[in-house]
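Only one structure is covered here, and it is reproduced in the block below.
The values are calculated or read from the model by the stated rules, or taken from the named source; none is laboratory data. Bear in mind the structure is a predicted one, so any value in this text is a computation, not a measurement. Please note: Cβ atoms are built from the backbone with ideal geometry, for glycine as well, and neighbour counts cover all protein chains shown.
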Amino acid sequence: MKRMSEILWKNNHEGDITAFEDFFYDNINLVTSLKLVQQFGGHKSFVPTASINSYGDKLITSCDLGFILLWDIGTRLSKPQSIIKPNCQRILTTNFLSSNKFIAGGNDATVQLIELNQTGIVSTLYENHHKGKVISSIIIDPNTFITCSDDNSLHLFDIRQNYPSSSFIDVPLVPESYIDVVRKEVESRKDPPTVIPKITPNQEIHTESLLLNYSEGDPHILSMDVHPIDKKRFAVSRDDGTIILLDLRKMDPSKQYGFSVREAYNKQVGISHLAFDEYGERIAASVHGGSVHLFETSENYEIFPSKIENKDDLSDKKYNIRISDYVSDDGNIDLVNLREAIKNRPEMPQPHKKETVKEAPGCIKVLNSHICLDSPSPVRWFGNFVATGSDDALVYLYDANDGNVKKVLSGHHGHVESIISHREKKFLVTCGMDDFAQMWSPMACTDIDIAANEMEVREALQKNKSDEGYMNANQCNVM
């Protein structure tokens, strides 16, 4: 095999991955040459979410202590450019609106717009729109974005509009040493965790931003992703095993179109994450406790209420240990009780292979070599490959064409909660239960050790097969 540096040199583009977009899109070298190029530390607690701006030169990461760290990845600095302490105590979603402007939402039901300029920070707080934790967000354009919360509502915000409940607030820049102060304070507390408060019924809720409001009895939204080309279109995943395709130009909740995996599992399973590919032609959907399913968006169909009565076994708290149940109202995890709950969790019933093989309608491929039981696995497209997290702390990259694992990324110690990709710059950022985030990039000017890469993949897959007690809880009928 030719050296990658030789290929690039002959084309006068040495070191420029973006000059070969088509070549790297389908070529196996996109993933087999992935290397860890930068680690972002200093969080002092786990990192639930990360976001990259459109230029691919700035990164924001959040930590479980309630801080946002801004990184200048264009210069590969080892320390954050800024550390911000927003209003929210636990940040669950972040997204860039522009190079110096981003949004954050979390467990206090508020949404915050943060803008960094030469004089400091300008921040706008949106209160009393959501009733519960803000769990997901997508960007429509530099002025509008959509947020989703566990009250099962979607809100469309326009930053040019003055909402009655919006206010300007001070957001302090803090030194890195302050994170240690907060961490030590958290570790010294002995108070048991309390339920994260929601807005009380008698509190006025502003509906100016309300886009869609599902009832309590409807399936709950777990994640969202926006169409990469037509930004008016987006998709949501739900806890009943369905994906719903939506369009801002014709929001009609009476008829819902999308996809379902209920038929593949014979139960209502939660689709914890979904992602469009870079052309919006396919969707990857990660089932909690199950597999990753690929769908062609053009093959969507009408979704009807489920006739399957049995809910996902993972919804039973005796099997499913949700970290959010052990988070206090100030966003801190009660590690003592969490470890005790994990220790006393009963053994998950072993799945059995179905005699009759059924397929999820419209599903073109099932990816099931990773482990997804203890935590929901994120999913992200990377060219023609699909990246997902796994309970063994690895990131698996599948070929979307044949469904085989082509690369595993090892470097995390805990489960990866978030995977972010940059379509133009061709790199990945991963973060989760560790106190750091990591950036992975193709190494165009180095030799690719094919044998070592294949050995690493084989060892990971063999370990999964031999670890019988670590099987996926939800057995998909499509093998």
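Of all residues in region 413-425, those satisfying the criterion of being in contact (Cβ under 8 Å) with a residue 40 or more places away in the chain, part of a loop (DSSP other than H, G, I, E, B) and under 25 Å from Lys79 (Cβ atoms) are Gly414, Lys425.
The one condition from (1) at pLDDT 85 or above; (2) surrounded by fewer than 20 Cβ atoms within 10 Å (Cβ to Cβ); (3) over 21 Å from the mean Cα position of the chain (by Cα) that Glu281 does not meet is (3).
If you go through region 362-401 and keep only what is among the small types (Gly, Ala, Ser), touching a Leu at 6+ places or on another chain (Cβ under 9 Å) and under 16 Å from Ser272 (Cα atoms), you end up with just Ala387.
Restricting to region 141-165, name every residue that is surrounded by fewer than 19 Cβ atoms within 10 Å (Cβ to Cβ), outside any loop (DSSP other than H, G, I, E, B) and not acidic (Asp, Glu). Those that are surrounded by fewer than 19 Cβ atoms within 10 Å (Cβ to Cβ), outside any loop (DSSP other than H, G, I, E, B) and not acidic (Asp, Glu): Thr144, Leu156. Applying the criterion of being of a type in the set (A, V, I, L, M, F, W, C) and not in a strand (DSSP E or B) to the residues of region 380-412, the residue that is surrounded by the most Cβ atoms within 10 Å (Cβ to Cβ) is Leu394.
Every test in (1) assigned to a strand (DSSP E or B); (2) within 20 Å of the chain's Cα centre (by Cα); (3) of a type in the set (D, E, K, R) is passed by Glu115 save one, and that test is (2).
Does Ile73 qualify as being among the β-branched types (Val, Ile, Thr) and either in contact with a helix residue (DSSP H, G or I) (Cβ under 8 Å, 6 or more places away or on another chain) or modelled with pLDDT of 90 or more (or both)? In short, no. Taking (1) assigned to a loop (DSSP other than H, G, I, E, B); (2) modelled with pLDDT under 85 in turn, Ser45 satisfies each apart from (2).
May I ask you to verify whether Ile196 is touching a helix residue (DSSP H, G or I) at 6+ places or on another chain (Cβ under 9 Å), under 22 Å from Val111 (Cβ atoms), modelled with pLDDT under 80 and not charged (D, E, K, R)? Answer is yes for this residue.
I need the full set of residues from region 232-288 which are outside any loop (DSSP other than H, G, I, E, B), of a type in the set (A, V, I, L, M) and closer than 18 Å to Pro378 by Cβ, in order please. Once the filter is applied, which keeps residues that are outside any loop (DSSP other than H, G, I, E, B), of a type in the set (A, V, I, L, M) and closer than 18 Å to Pro378 by Cβ, region 232-288 yields Ala235, Val236, Ile243, Ile271, Leu274, Ala275, Ile283, Ala284, Ala285, Val287. Do the conditions hold for Ile146, that is, is it modelled with pLDDT of 85 or more and in contact with a Cys (Cβ under 9 Å, 6 or more places away or on another chain)? Considered against the rule, which asks whether it is modelled with pLDDT of 85 or more and in contact with a Cys (Cβ under 9 Å, 6 or more places away or on another chain), Ile146 comes out as no. The C-beta contact set for region 95-113 (first residue at positive phi, second residue among the small types (Gly, Ala, Ser) and not in a strand (DSSP E or B), distance under 6 angstrom, 6+ apart or interchain) comprises Ala109/Gly132. Within region 413-440, take every residue that is surrounded by 22 or more Cβ atoms within 10 Å (Cβ to Cβ) and closer than 20 Å to His288 by Cα and give me the one that is farthest from the chain's Cα centre (by Cα). If we take residues in region 413-440 being surrounded by 22 or more Cβ atoms within 10 Å (Cβ to Cβ) and closer than 20 Å to His288 by Cα, then His415 is farthest from the chain's Cα centre (by Cα).
Selection of strands (runs of 3 or more DSSP E) fully inside region 55-100 by the criterion of at least 2 residues being surrounded by fewer than 23 Cβ atoms within 10 Å (Cβ to Cβ) returns 68-72, 82-84, 91-98. Residue-level check: of (1) part of a loop (DSSP other than H, G, I, E, B); (2) in contact with a Phe, Trp or Tyr (Cβ under 8 Å, 6 or more places away or on another chain); (3) under 25 Å from Gly41 (Cβ atoms), His129 misses just (3). Considering only residues in region 427-462 that are part of a loop (DSSP other than H, G, I, E, B) and touching a strand residue (DSSP E or B) at 6+ places or on another chain (Cβ under 6 Å), the one that is nearest to Asn384 (Cα to Cα) turns out to be Met443.
Has region 118-134 got any residue that is at pLDDT 90 or above, acidic (Asp, Glu) and farther than 21 Å from Val182 by Cβ? No, there is no match, as no residue in region 118-134 is at pLDDT 90 or above, acidic (Asp, Glu) and farther than 21 Å from Val182 by Cβ. Filtering region 236-261 to residues that are touching a residue at least 60 places away in the same chain (Cβ under 8 Å) and among the charged types (D, E, K, R) leaves Asp239, Asp240. Scanning region 422-453 for residues that are among the aliphatic types (A, V, I, L, M) and in contact with a helix residue (DSSP H, G or I) (Cβ under 6 Å, 6 or more places away or on another chain), we see that the one that is modelled with the lowest pLDDT is Ala444.
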